[in-house]
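Peer 1: Right, I'll just put the structure down here and ask away after.
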Amino acid sequence: MKNFILIIVIFLIIIGLAITNSSKNLLSNDSKDKITQPQPTTTNNKSINVAKFDNENNLIRPENYREWVFVGSSLGLNYQQNLVDPSQITEQFYHNTYIYPDAYHEFSRTGKFPEGTMLILEILTQEKKKEPSLQGSYEKDVIAIEASVKNSKRFKDGWAYFSFDKEGGGFLTKAKAFESKSCFDCHDKKAETDHVFTQFYPVLRSAKASIK
Ligand code: HEC
């Protein structure tokens, strides 16, 4: 009889252990799922493949850059050798900047712009009050589309600059990199992060600040 009770007790202990173990497994599977879900898909030193060039090293204008990440806009922002008296300024333009999403994700992760990063600067006219009770101004016509691309294999300075503006209006479908250093030099001297004016873009400022 004693033996019988002992066998029953051992049997119950084994069953008890088995149950606790399987519920632990269930729990850990559950928490594993929670951890794995939001993992970013980027890898180290990812290089971005968005800028398309023809055989003559012309950059093809991307059609859908407005679907990229919009990082910020400015009004009348400009570095001037001689400061202009504000009352003399008759026309100011809006600037909108977009970055290719994969480059944005990589920048948010590492604080660095990966090879292949491309940004677009769109310049628009400022439209003022057209109705008696309407205040302020808004963006009207696109008058310039410019691009920057980071590609150290193709361009000796690392970054190259392009304008798709056509003489007499309209936009080119492709453009050559500026040979003169005028674009590069200002970006090199004044831009906060690797030739990009992150100091003026709220979206890139907070991406940079949140890197651990
Ligand atoms: C005197 C300074 C200066 C020069 C020269 C200059 N830029 Fe910029 N650029 C800026 C500033 C400031 C911004 C910040 C965005 C803005 O204008 O709102 C900017 C932003 C840009 C951007 C958006 C990405 C970024 O780097 O922040 C592109 C693309 C760009 N410029 C292209 C050009 C091209 C092409 C040229 C030459 C034709 C040029 N820039 C010359 C000052 C300059």
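Peer 1: Around ASN55, what is the net charge, scoring Lys/Arg as +1 and Asp/Glu as -1 over all other residues with Cβ under 14 Å from its Cβ?
Peer 2: On the way: positive: LYS52, ARG154, LYS174, LYS176; negative: ASP54, GLU56.
Net local charge, ASN55 excluded: +2.
Peer 1: Moving on to the next point. What is the spin-label model distance, in nm, from ASN78 to GLU56 if the labels are put 7 Å beyond Cα along the C-beta direction?
Peer 2: Those two pseudo-labels are separated by 3.2 nm.
Peer 1: A follow-up question, please. Around LYS112, with a cut-off of 12 angstrom between Cβ atoms, what is the net charge of the other residues, counting Lys and Arg +1 and Asp and Glu -1?
Peer 2: Values: positive: LYS46, ARG109, LYS150, LYS208; negative: GLU106, GLU115, ASP194.
Result for the neighbourhood of LYS112: +1.
Peer 1: With a sphere of radius 14 Å drawn around the Cβ of SER182, what net charge do the other residues whose Cβ falls strictly inside it have (Lys, Arg +1; Asp, Glu -1)?
Peer 2: Working: positive: LYS181, LYS189, LYS190; negative: GLU146, ASP157, GLU179, ASP185, ASP188.
With Lys, Arg at +1 and Asp, Glu at -1, the neighbours total -2.
Peer 1: Report, in cubic angstrom per residue, the convex hull volume of the C-alpha atoms of the range 59-209.
Peer 2: Details: hull volume 22.9 nm³, N = 151.
Hull volume normalised by residue count: 152 Å³.
Peer 1: Tell me, in nm to one decimal, what length is gained between ALA209 and THR110 on full extension, where the rule is 0.36 nm per residue of separation less the Cα-Cα distance? Mind dumping the intermediate values first?
Peer 2: Details: separation 99, 0.36 × 99 = 35.64 nm, distance 1.10 nm.
Taking ALA209 through THR110 to full extension adds about 34.5 nm, to one decimal.
Peer 1: Extending each Cα 7 Å along its Cβ direction at LEU134 and ASP85, get the distance between those two points in nm, one decimal.
Peer 2: 3.2
Peer 1: Return the long-range amide H neighbours of GLY116 (sequence gap of 5 or more, or a different chain), with a cut-off of under 5 Å between placed amide H atoms.
Peer 2: The answer is ILE48, LYS150, ASN151, SER152.
Peer 1: Of the cross-linked pairs LYS140/LYS174; LYS156/LYS176; LYS150/LYS189; LYS153/LYS181; LYS140/LYS190; LYS156/LYS189, which ones have a Cα-Cα span greater than 20 Å in the structure shown?
Peer 2: Values: LYS140/LYS174 24 Å; LYS156/LYS176 15 Å; LYS150/LYS189 16 Å; LYS153/LYS181 18 Å; LYS140/LYS190 28 Å; LYS156/LYS189 17 Å.
Distance filter (> 20 Å) returns LYS140/LYS174; LYS140/LYS190.
Peer 1: Sticking with this one: Considering Cα pairs under 8 angstrom that are at least six residues apart, work out the relative contact order of the range 34-178 and quote it in whole percent. Walk me through the intermediate numbers first.
Peer 2: On the way: 248 pairs, mean separation 31.5, N = 145.
After rounding, I find 22 percent.
Peer 1: If you don't mind, another one. Work out how much length ALA191 to PHE155 would gain on full extension: take 0.36 nm times their residue separation and subtract the Cα-Cα distance, in nm to one decimal. Walk me through the numbers on the way to the answer.
Peer 2: Values: separation 36, 0.36 × 36 = 12.96 nm, distance 1.89 nm.
Full extension of this stretch gives 11.1 nm more.
Peer 1: With the Cα gyration tensor of the range 124-212 in hand, convert its eigenvalues to equivalent ellipsoid semi-axes via √(5λ) and list them largest first in whole Å. Kindly include the intermediate steps, with their values, before the conclusion.
Peer 2: Numbers: eigenvalues 176, 103, 21 Å².
In descending order the semi-axes read 30, 23, 10 Å.
Peer 1: Once you wrap a convex hull around the alpha carbon atoms of the range 41-101, what is its projected area averaged over all directions, in nm²?
Peer 2: Working: hull surface 30.8 nm².
Over all viewing directions, the range 41-101 projects a mean Cα-hull area of 7.7 nm².
Peer 1: May I ask you to evaluate 6.51 cos²θ - 1.76 cosθ + 1.60, the Karplus curve with θ = phi - 60°, for each residue of the range 137-143 and list the ³J(HN,Hα) values in order in whole Hz, giving x for glycine and proline?
Peer 2: Those phi angles translate into 9, 9, 7, 10, 9, 6, 10 Hz.
Peer 1: Quick one: which of 76-87, 106-117 comes out on top by average Cβ neighbours within 10 Å, and what's the full order, highest first?
Peer 2: Values: 76-87: 7.7, 106-117: 19.7.
Answer by packing, highest mean first, reads 106-117, 76-87.
We did not get these values from a lab; they are worked out from the coordinates using the rules stated. Not measured: the values here are computed from a predicted model. Virtual Cβ from ideal backbone geometry, glycine too; neighbours counted across all protein chains shown.
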